[in-house]
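Notes to accompany the following structure.
The values are calculated or read from the model by the stated rules, or taken from the named source; none is laboratory data. Note that this is a predicted model, so its numbers are computed, not measured. Cβ atoms come from the backbone with ideal geometry, glycine included; neighbour counts cover every protein chain shown. Remember, those area values only see protein heavy atoms, side chains included, never the ligands or the DNA or RNA. Shrake-Rupley method; radii C 1.70, N 1.55, O 1.52, S 1.80 Å.
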Amino acid sequence: MQQISGKEKGIESTMFDNWRGFKSPKLPEEWHKKLTDMAREARGNIIKMTSLAASGHPGGSMSSIDIYLTLYNMANVSPQEPWRDDRDRIIISHGHTSPGAYSALAAAGYFEAEIAMAGFRQAGSPFEGHVEQSVPGIEWDTGNLGQGLAVGIGKAIYSRLSGKKFHTYVFMGDGEQQKGQISESRRIAVKYELKNITAIIDYNKLQISGNIEDVMPQNIAAEWEADGWNVITIDGHNLDQIYQALHTATHIADRPTVIVATTVMGKGVSFMENKAGYHGAPVKPADIPQALKELGVTDNMEELKAKRAQGVPPLFKRPAAERTTVKTGTPITYAADVKTDNRSAFGAALLSVAESNIGRGNFSMGVFDCDLAGSVKTAGFAKKYPDNFFQFGISEHSTATASGSLSAENALAVWADFGMFAIAETYNQARLNDINHTNMKVFCTHCGVDVGEDGKTHQSIDYFALMNSTFGWKVITPADPNQTDRIVRYVLSQPGNFAVIMGRPKLPTVTDENGAPFFGNDYEYKYGHMDVIRKGTGIALACAGNMLSIGLEAWNKLNESGLQITLLSISDWSDLHPDEIKAMATNKHLVTLEDHNVKTGLGTAIASAMMEQNVSTHLVKLGVTEYASSGKPADLYKSLGMDADSVVEKIRTL
Ligand SMILES: Cc1ncc(C[n+]2csc(CCOP(=O)(O)OP(=O)(O)O)c2C)c(N)n1
């Protein structure tokens, strides 16, 4: 076992049980015995659980179990108060080893092992196939490999921002190390000196397809060391070594530590050991008695089968998490003759909200950037609040996950990036965040074909389609700088996941019929409602977000020629109000104008909503119909039939 020296980290004493927190440098004798007994029983439970469910992952669970037991029994966590805010965070990144995690949590007193075995992988049970927060003690739903370390970064940042002195342990697989997101996260942890993170790798040298070296050669320890981590190598079945490594990592190491724990897949049962087949397959019923005999545990399979047949265990009650109220500050109104871009209005509103809250009581805030702060307008925040600003470089996957993880704590987490990178690039991370009930505020700039000259690779035209494929994310497209200001303040003060979509160019201030800013001082933004910009008859033009300025230009041209149509502005695509949908259907023709793929955008959402309300009208969808080329936004809009003249022409034909 490799030891390193360094200064004491000084974790504050807490009211956790006195043996917890890895304070003692050596594993106390009595705990050695307790953990040894627990490990034998837990290995048996892993076999029983997966066999009863006829699926699951026993191999990695059995190689990880000694580490799981040491963590859940010896870290500063509490089976009595699993969600207390100052607990250590134990993140399981190799979520498929849920049988190991559930068995260890049961052994540590979180719940009865029998209910996990009876409920494992049954519909409606909290004990899902991959670790889920529905089980007390589980911090993050995982299964999509490679995300756990970034989750840990979010927790470590929360510890720093909130001043709560807890440690974060992230447990991973060795095959999992092939995932690129982990290398992003490694560098981030070192850059931000997150000494309060310890990574642990279950180095059982096997994955689904066989030996990790054959699947993808990788020098795991050397890669972590090269990125600046303190590396400790141990025998992952030796309880003394596991404990001592965790003590060193928690209290002595002067940088983030990774513990590379050599283990044996299927450890404890002779015919399972070192067999990749047991990565994801349970022991056959005929072999169970032999396995349980070797472990020296009782064979109560018939009893458990009967318990399982009785139905699924109930869900656990989780107390509502504390969230500090966010003050929205004083709105900024851009005058009728001001022309600025929505992203600048976002930057100004963000700073204003930050000024109203940072330094206040237990308010914590982090703003994340991926090398685009100047363009996405968070540079002003970064200058004023350097301790709250996190420059993660071109590491979008880890940024999405880490900011999501922070947002799930009592903290405001903001990530601003180009739409292409904050949405399409990181959809899986956004989806997993949503599953984890995060409260992310993602501000996407440079969306749509109006990003122009950067061309089709940068034209984010599927933001709604992607986010609307989740159940939680809400997409909002502000129309002009004034509405952007109000929407930013609203979003920052609300729980839940929001993606605010903005373009790049400067926009005119949208005005009312008297020439005053429409979204100005008298305007109150109400989520889920559209705005009637101009009233008319017969035909309605519904504009999404910044397309309103083109819509208004078209309306003026039509008006000059004596045709008065209704002009609508729709910012909140995810929640179209049923009454407003019905009102729209009273028009003979409805034209939608959006800077989004027309196949999956606002027009399509409206059509679906109308059918649900049992109303209909003739719908014309104007928007992006192909990957556009590189060019000036005005030229691209013209070629796609989205400019004011094309809209006028289309409406005249109606
Ligand atoms: C991103 C992602 N890709 C693929 C999978 C499918 N998968 C589940 S487990 C696994 C192998 C993991 O190997 P390892 O980390 O060594 O775990 P162990 O075999 O030791 O349990 C794979 C490829 C996944 N869950 N997530």
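Worth a mention:
- Partner lysines for LYS275 [C-alpha distance under 23 Å; skip if fewer than 8 residues away on the same chain]: LYS48, LYS179, LYS205, LYS267, LYS284, LYS293
- Taking GluC sites (Glu not before Pro) in DSSP loop conformation with at most 16 other Cβ atoms inside 10 Å as exposed sites, the chain has its longest uninterrupted site-free stretch at 323-512.
- Modelled spin labels at HIS618 and ASN18, positioned 7 Å past Cα toward Cβ, are 8.4 nm from each other.
- Straight-line reach from LYS33: taking Cα to Cα under 15 Å and skipping same-chain neighbours fewer than 8 places apart, the aspartates and glutamates in range are GLU41, ASP66, ASP240.
- Length gained when the stretch HIS32-PHE316 is fully extended (0.36 nm per residue, less Cα-Cα span): 99.2 nm
- Placing unit charges on the Cβ atoms only, positive for Lys and Arg and negative for Asp and Glu, gives the chain a dipole magnitude near 600 debye about its Cα centre.
- Dipole magnitude (debye, nearest 20) for segment 339-508, charges at Cβ of Lys, Arg, Asp, Glu: 440
- Percent accessible area from carbon and sulfur atoms, the chain, protein chains only, probe 1.4 Å: 50
- Heavy atoms of ASP512 accessible to a 1.4 Å probe, total area in Å² rounded to 10: 50
- Model label zone, ARG40; criterion: amide N under 14 Å from point 7 Å along Cα-to-beta-carbon; scope segment 266-285: 268-269
- Distance between the 7 Å Cα→Cβ label points at ALA379 and ASP454: 1.5 nm.
- At most 11 other Cβ within 10 Å, DSSP loop - chymotrypsin sites (Phe, Trp or Tyr not before Pro), segment 372-474: PHE471
- The loop-placed trypsin sites (Lys or Arg not before Pro) in segment 359-390, going by DSSP, that have at most 14 neighbouring Cβ atoms within 10 Å of their Cβ come out as ARG360.
- Entries in LYS339/LYS384; LYS377/LYS526; LYS456/LYS588; LYS582/LYS650; LYS582/LYS621 that, when Cα-Cα distance is taken, lie over 27 Å: LYS456/LYS588
- The length gained on full extension between GLU524 and ARG323, counted as 0.36 nm times the residue separation minus their Cα-Cα distance, comes to 69.9 nm.
- Nearby aspartates and glutamates by direct alpha-carbon distance to LYS305 (threshold 15 angstrom, same-chain neighbours under 8 apart not counted): GLU114
- Near-label residues of segment 102-116 by backbone N, under 19 Å of a point 7 Å along Cα→Cβ of SER134: 102-106, 110-116
- Counting only DSSP beta bridges whose two residues both lie in the chain, roughly 15 percent are antiparallel.
- With a 1.4 Å probe rolled over the protein heavy atoms of all chains, the accessible area of HIS437, HIS618 falls in the order HIS437, HIS618, largest first.
- Length available on full extension from ASP387 to LYS284: 0.36 nm per residue minus the Cα-Cα distance, which gives 31.6 nm.
- Ranked by how many other beta carbons lie within 10 Å on average, peptides 343-350, 160-167 from highest: 343-350, 160-167
- FRET E, pair GLU225, ASN362, Förster distance 35 Å, beta-carbon r, rounded to 0.05: 0.40
- Karplus-derived 3J(HN,Hα), 6.51/-1.76/1.60, for each residue of segment 430-437, Hz, glycine and proline x: 5, 5, 5, 4, 4, 4, 8, 6
- Degrees between helix 602-612 axis and first principal axis of the chain (Cα, 0 to 90, nearest 10): 80
- Rounded to 10°, Cα long-axis angle of helix 180-191 versus longest principal axis of the chain: 90
- When the charge dipole of segment 38-309 is built from unit charges on Cβ atoms (+1 for Lys and Arg, -1 for Asp and Glu) and taken about the Cα centre, the candidate among GLY119, TYR158, ALA101 whose Cα reaches farthest toward its positive end is TYR158.
- 1.4 Å probe accessible area per residue over segment 531-653, in Å²: 43
- Helix 342-357 axis versus longest C-alpha principal axis of the chain: approximately 50°, rounded to the nearest ten.
- Projected area averaged over orientations for segment 339-508, convex hull of C-alpha atoms, nm²: 8.7
- Net +/- balance of residues flanking TYR525 in space, Cβ distance below 14 Å, scoring K and R +1, D and E -1: -3
- With the cut-off at under 17 Å, measuring from each backbone N in segment 236-261 to a point 7 Å along the Cα-to-Cβ line of GLU294 picks out 237.
- Rounded to the nearest 20 debye, the dipole size of segment 38-309 about its Cα centre is 340 debye, using +1 on the Cβ of Lys and Arg and -1 on the Cβ of Asp and Glu.
- Spin-label model distance (nm) - GLU626 vs SER639, 7 Å beyond Cα toward Cβ: 0.9
- Per residue of the chain, the DSSP helices (runs of n ≥ 4 H) give a summed -39500 (n - 2.57) that works out to -10500 deg cm²/dmol at 222 nm.
- For the chain: relative contact order, % (alpha-carbon pairs under 8 angstrom, 6 or more apart): 12
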